[in-house]
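Here the structure is laid out as structure tokens; the discussion comes afterwards.
No value in this document is a laboratory result; all are computed from the given coordinates. Not measured: the values here are computed from a predicted model. All Cβ positions, glycine included, derive from the backbone under ideal geometry; neighbour counts span all protein chains shown.
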Amino acid sequence: MQYRGLNELREAYLAYFESKDHLRLPSFSLIPQNDASLLLINSGMAPMKPYFTGEQEPPRHRVTTCQKCIRTGDIDNVGKTARHGTYFEMLGNFSFGDYFKREAIHWSWEFLTDVVGLDADRLYPSIYEDDEEAFAIWHNEMGIPSERIFRFGKADNFWEHGSGPCGPCSEIYYDRGEKYGCGKPSCTVGCDCDRYMEVWNNVFSQFDNDGKGNYTELKQKNIDTGMGLERLAVVVQDVDSLFEVDTVRNIMKHVEEIAGVTYHSNHESDVSLRVITDHIRSTTMMICDGVIPSNEGRGYVLRRLLRRAARHGKLLGINRPFLVDICGTVIRESGDAYPELVRSRSTSGR
Ligand code: SER
């Protein structure tokens, strides 16, 4: 498999789905519009809920995006582990009442194997427990032996987030090899360790959840596909964690330079380097989209992230305002993909 940078992978994905007649849209703002159920956009589908429900007519019935996302549910683990983060980019291809399971499955496989060059023998699909339609596509059309297709229940293979469009899903896992495994005899697809990494999530969005657990069939059947860009880069670049992915590593190198410390030299400074690197990515993106620090709502999330980053700077011995300098590196690494970063440079960085 050929090495590719994160920016190159993003472009390869969006161009591939353009070649399948998808309209490429820019990332939506991190600030949800007309959606009181979310403080911040947390997935590629979130800004497009009205297109899934049929309430609004999309600009095209096939759309592809790379969406800026923030998830802070695991914030206390950020830094402590090498895999938690609050900011990530989600690649997505969406069908609003257009194609359904067959095309979504075929294209996900073709992209991962032919375009990215992942070894098909290391890829394992999973399906929702009784989704025989998805099973038949994987088995009969894609030629995947039945013992390589894993069936998972609602906790793993039914995607929903609070209220809104949701449905059963079919994920694709990549076997990163024994060196990333926990070594337990029971280790297999679905294990919590780092060996079998979920890279792709095909959600067959066909229900609406009213937020109280009542499901109704949507007017149309949709596809909501999500793939974490940093995760894909971890696999393609064969690195240990998101902090080793090229663009993220470049941000951390700048923090290392300012702090005069080296990553992987001791546990405490590694925690601080990871916290600052993650939080500077999320806060730069939030400020760029117009979030202002405050005592409530998303402004509070921003304030908390900034404070944590600043505190970890102190722990590293940095005694001057430094986050604004690191912002400049975030803008350099991601400015081509998100031109709004360059336009709002004077608000968030230098
Ligand atoms: N909504 C799904 C997810 O976030 C797929 O895009 O994983």
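Over the chain, what lengths in whole Å, largest first, do the semi-axes of the equivalent ellipsoid take, defined as the square roots of 5 times the eigenvalues of the alpha-carbon gyration tensor?
Equivalent-ellipsoid dimensions as semi-axes: 33, 24, 18 Å.
Taking 28 Å as the cut-off for C-alpha to C-alpha distance, list the pairs among Lys101/Lys179; Lys154/Lys219; Lys80/Lys101; Lys154/Lys221; Lys101/Lys154; Lys49/Lys154 that go past it. Flagged as over cut-off: Lys101/Lys179; Lys80/Lys101.
Which order results if Ser146, Ser126, Ser170 are arranged by neighbouring Cβ count within 10 Å, fewest first?
Values: Ser146 9, Ser126 25, Ser170 28.
Final ranking by Cβ density, sparse to dense: Ser146, Ser126, Ser170.
The 3J(HN,Hα) values that the Karplus relation (6.51, -1.76, 1.60; θ = phi - 60°) gives for segment 80-97 are, in residue order, 5, 10, 8, 10, 8, x, 9, 10, 7, 10, 10, 7, x, 10, 10, 10, 10, x Hz. Gly and Pro appear as x. For the chain, take the longest principal axis of its alpha carbons; what is the angle in degrees between that and the long axis of helix 297-315, to the nearest 10 within 0 to 90? Helix 297-315 and the main axis of the chain meet at about 50 degrees. Counting only alpha carbon atoms, the long axis of helix 267-288 and the longest principal axis of the chain meet at about 70°. Per-residue 3J(HN,Hα) values for segment 322-332, derived from phi via the Karplus relation 6.51 cos²θ - 1.76 cosθ + 1.60 with θ = phi - 60°, read 10, 4, 4, 5, 5, 3, x, 6, 4, 5, 4 Hz in sequence order (x marks Gly and Pro). Taking a straight Cα-Cα cut-off under 20 Å and skipping sequence neighbours fewer than 8 places away in the same chain, the aspartates and glutamates within cross-link reach of Lys212 are Asp35, Asp156, Glu160.
Calculate for the chain the 222 nm mean residue ellipticity that helices alone would give, adding -39,500 (n - 2.57) per DSSP H run of length 4 or more and normalising by residue count, nearest 500 deg cm²/dmol.
On the way: 12 runs with 121 residues, N = 350.
About -10000 deg cm²/dmol.
Computed packing ranks the peptides 39-45, 232-238, 1-7, 209-215 as 39-45, 232-238, 1-7, 209-215, most packed first, by mean other Cβ atoms within 10 Å.
Between Lys179 and Lys154, what's the calculated FRET efficiency when r is the beta-carbon distance and R0 is 25 Å? Round to 0.05. Efficiency, rounded to the nearest 0.05: 0.20. Considering segment 139-285 at the alpha-carbon level, its Rg and Dmax are found to be 19.4, 58 Å.
Report the FRET efficiency, 1/(1 + (r/R0)^6), for Gln33 and Asn295, where r is their Cβ-Cβ distance and R0 is 22 Å, rounded to 0.05.
0.45
Only Lys, Arg, Asp and Glu carry charge here, each on its Cβ (+1 for the first two, -1 for the last two); on that basis the chain has a dipole of about 1500 debye about its Cα centre.
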